[in-house]
1. Could you state how much accessible area MET209 has, in square angstrom rounded to the nearest 10, with a 1.4 Å probe and all protein chains kept in place?
2. Segment 127-225: Rg/Rh from Cα coordinates, Kirkwood Rh?
3. Amide H neighbours of ILE130 under 5 Å, at least 5 residues apart or on other chains, H built in the peptide plane: list them.
4. Take the residue pairs LYS192/LYS251; LYS142/LYS173; LYS100/LYS142; LYS214/LYS239 and return only those whose Cα atoms are more than 19 Å apart.
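The values are calculated or read from the model by the stated rules, or taken from the named source; none is laboratory data. Please read all numbers here as calculations on a predicted model, not as lab measurements. With ligands, DNA and RNA removed, areas are computed over all heavy atoms of the protein, side chains included. Shrake-Rupley method; radii C 1.70, N 1.55, O 1.52, S 1.80 Å.
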Amino acid sequence: MCEMSFYFEKGNFVLKTTRVARIESNGTLVFRNKMNSILFPVNFTSRDYDIFFTICWYAKQLGYSDSRNYIEMPYSKISQFFAEGLNKTRFNNEVLEFCKKVLGENGSAIYKSLEITNNDEIMTAGVFFISIKAFRNTQILKFKLNTEALDILFGTLKFMRINLHDFISIRSKFAKSLYRLLLQYQNIRSDKDGFKCVNFNRPDFERFMSVPEKYETRDLDRRVINPAIEELNENYFKKIVFEKKIAEGSKKNVVGYSFRFMLNEDA
């Protein structure tokens, strides 16, 4: 199991994590966190998200904190939360494709933060990984993290829990993203009906979900939100419902989304 924290800061998706305070006997890691953001490529697949967060989990388990050195991760560690019977050749190719995307020509996993000082506004951005080596025959992945990425992983603030076994068992990449998005609000107070209620403006929601720019409103409903809710309602939440927010004076211009959800443990 792995714990991470996610939220929005000025329109950006934020991943917050920090040094491991303890490793519980059941495999749970406690990540305290510092504000920073990870923006994922739109072409990330469900498997890419699985690999990324498992790598983060492994780096934290080892206490990796020196960007000058490579961290070595056997493929068996990358796939340890995956279902049994994984095809070795296919998984090798998936790791290679992941490497191309996080340091690729058509988009990379980047960190981005905004700091407001007394006399300036400082935007910081860069790639999360500075180097990746994938060894097909020896089944090893070696990588270096950017110094700023280390600060993202080992900073200090509050946290939320994500169970990697649950996260990786989710099939759709959009369902994985909605799972993370809603779980960050798991501690807010429920309404009289037992639902937790959160609202997002449309640009923030689409950015977090890594929605392709070509998607129109009907595509967002049909290909992103409804399938994600359907999958999550099967096993991961007791109930999720959503409502579109329409611009004042318009009948079609969607400006945001409202989600009401109930966790299984709230049942």
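1. 0 Å²
2. The Rg/Rh ratio comes out at 1.04.
3. HN-HN under 5 Å from ILE130: LYS144, LEU145, ASN146.
4. Violating the 19 Å Cα-Cα cut-off are LYS192/LYS251; LYS142/LYS173; LYS214/LYS239.
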